[in-house]
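First the structure, in the form of structure tokens, and then the observations on it.
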Number of protein chains: 2
Amino acid sequence: MVIIKIGGGKDINLKSIIADLKSINDKLIIVHGANALRDELADKLKIERKVITSQSGYTSVFSDEQTIDLMMMSYSGIKNKRIVELCQQNGINAVGLSGLDGKVIQGKRNSGIRVREAGKTKIVRDFSGKPQDININLINLLLNNGYTPVLCVPIIDENNMAINSENDDIVALLHSRLKADKILQLIEAPGYLKDKSDPNSLIKKISRDELEKIENEVDGRMKRKIYALRKLFEFGETTVIISDGRIENPIQNALKENGTVIK
Amino acid sequence: MVIIKIGGGKDINLKSIIADLKSINDKLIIVHGANALRDELADKLKIERKVITSQSGYTSVFSDEQTIDLMMMSYSGIKNKRIVELCQQNGINAVGLSGLDGKVIQGKRNSGIRVREAGKTKIVRDFSGKPQDININLINLLLNNGYTPVLCVPIIDENNMAINSENDDIVALLHSRLKADKILQLIEAPGYLKDKSDPNSLIKKISRDELEKIENEVDGRMKRKIYALRKLFEFGETTVIISDGRIENPIQNALKENGTVIK
């Protein structure tokens, strides 16, 4: 079993990634992003990104109903269907699913965040949360009948509402249930860079023990990503390869362990 | 087996339709539209509806790549996922699929249309076509494992490209393979009206023989719809009920044969 996480950046070479999937002789699950497309659509539709600051000073994106619609358009709509189309053109019988479909990715909605507004404290709650379980029966039903699941947000919460979630957490959850031999993460960089602005600062190997050290050194979104990687290994042995998703033959390149290898 | 076709008009009461599906004690397939949402999004995104006129004077909508993206956003994106969400909230384990997913609706792309441009004749070809076959194995795999397929455009053509197609033709194709006992069509009217502008002109019963007569009396889009209905019956006996999708308990209402019944 191989899990492929495809980044949603604008320079990701989707055509090349999907054409190169033939290099994998194993069952496949694809999890994809669409953040560049989402942001482009939000701009065109003049949907502003809402950010809230909690009473304790912590800042986060607020996913309201419109944000979920935007996600359905960009992730479950264009990006998911165009990936499925590319898969079909390359002889892979893909089935694109959001987490809602067959309740394939089930999560728990975040409880509210305490915010200070006009001198008063109130609790606001958005449509976001953490993935908790997958419908393994549906995943296996598809895999055992020759279909390749192509998964994306939104996921479904405990009240059957659509919620936003992090792909890193979804990948970790899939691994916890399906025990992937390899997890390829295709991003807009040659791998994990020590210095984000310097493509020559690629770290070729990271041991599980080093992940915790790195987690303490970095901030913000990267801290969350490293944390998710660390959690991943708690669910069983695997090889994670973070590799370039912008080039030709990105899967072959990743399988040669070009990029950052974590095991 | 019951096929439910849900219209894509803005007054369709989706919440009520989905909550009322419990009135059906049979296997279900849902096929839905999203035309009002598509048009609203096209307006916001300033995507113009392209219309071409053939050399012989026949006018048709031209579906370019952008039209397909728009369809993926509105049909496979927001509308399909919101219907799946509503189904889950009502205890129906729905799986939303475009025709691309698992090649569930396979079509043949229309050949080009001869147009006259700047004194020259050229052939233009858009991304539209007719559905020809369904992946009955995937439909049955889902139905036999307790999942309800929720289907929409785009469909997939002979070269594995996404193409636009008519829902009426998709419903007829599904019936030809699955032999539906009932086909409910929920629209923004009490049923088939003799005079479109007069809700009191409801025709309560149409026999198969009368369909051909009506087809000769009407024009444009309605002619195509009546033609599709007539074709439907060539694929085997069934009861078609065209009924109001705007009211409370629209499924119970349709099952009481309120609307236009064709058998």
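The values are calculated or read from the model by the stated rules, or taken from the named source; none is laboratory data. The shown structure was predicted, so the numbers you read here are calculated from the model rather than taken from an experiment. A quick note on method: Cβ atoms are made from the backbone with ideal geometry, for glycine too, and the neighbour counts reach across all protein chains shown.
Quick rundown of the values:
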| quantity | calculated |
| --- | --- |
| Any hit, the range B:74-94, residues being of a type in the set (A, V, I, L, M) and closer than 26 Å to residue B:220 by Cα | no |
| Residue match in the range B:74-82 (condition: within 18 Å of the chain's Cα centre (by Cα), of a type in the set (A, V, I, L, M, F, W, C) and either surrounded by 14 or more Cβ atoms within 10 Å (Cβ to Cβ) or more than 10 Å from every other protein chain (Cβ to nearest Cβ) (or both)) | yes |
| Residue match in the range B:96-113 (condition: in contact (Cβ under 8 Å) with a residue 60 or more places away in the chain, in a loop (DSSP other than H, G, I, E, B) and within 19 Å of residue B:4 (Cα to Cα)) | yes |
| Every pair of residues 6+ apart whose Cβ atoms lie under 6 Å, when the first sits in the range B:234-248 and is at pLDDT 95 or above while the second is among the aromatic types (Phe, Trp, Tyr) and in a loop (DSSP other than H, G, I, E, B) | B:242/B:192 |
| Top-ranked residue in the range A:115-133 [being over 18 Å from residue A:176 (Cβ atoms) and among the acidic types (Asp, Glu); ranked as nearest to the chain's Cα centre (by Cα)] | A:126 |
| Any pair with Cβ under 7 angstrom, 6 or more apart, that starts in the range B:1-23 at a residue that is in contact (Cβ under 8 Å) with a residue 40 or more places away in the chain and ends at one that is polar (S, T, N, Q) and crowded, with 22+ Cβ neighbours inside 10 Å | B:5/B:167; B:5/B:185 |
| Residue match in the range A:105-122 (condition: in contact with a helix residue (DSSP H, G or I) (Cβ under 8 Å, 6 or more places away or on another chain) and within 26 Å of residue B:40 (Cα to Cα)) | no |
| Selection status of residue A:5, under 18 Å from residue A:249 (Cβ atoms), assigned to a helix (DSSP H, G or I) and not acidic (Asp, Glu) | no |
| Of all residues making up the range B:33-57, the number that are away from every other protein chain (no Cβ under 14 Å) and touching a residue at least 40 places away in the same chain (Cβ under 8 Å) | 6 |
| Top-ranked residue in the range B:134-148 [being crowded, with 21+ Cβ neighbours inside 10 Å and more than 10 Å from chain A (Cβ to nearest Cβ); ranked as nearest to the chain's Cα centre (by Cα)] | B:134 |
| Filter result for the condition that a residue is surrounded by fewer than 15 Cβ atoms within 10 Å (Cβ to Cβ), in contact with a Ser or Thr (Cβ under 9 Å, 6 or more places away or on another chain) and not aliphatic (A, V, I, L, M), over B:114, B:109 | B:114 |
| Hits in the range B:39-67 (condition: in a helix (DSSP H, G or I) and touching an Asp or Glu at 6+ places or on another chain (Cβ under 9 Å)) | B:42, B:67 |
| Residue tally, condition among the hydroxyl-bearing types (Ser, Thr, Tyr) and surrounded by fewer than 20 Cβ atoms within 10 Å (Cβ to Cβ), over the range B:164-223 | 4 |
| Among (1) touching a residue at least 60 places away in the same chain (Cβ under 8 Å); (2) more than 14 Å from every other protein chain (Cβ to nearest Cβ); (3) under 23 Å from residue B:95 (Cβ atoms) - the single one residue A:131 does not satisfy | (1) |
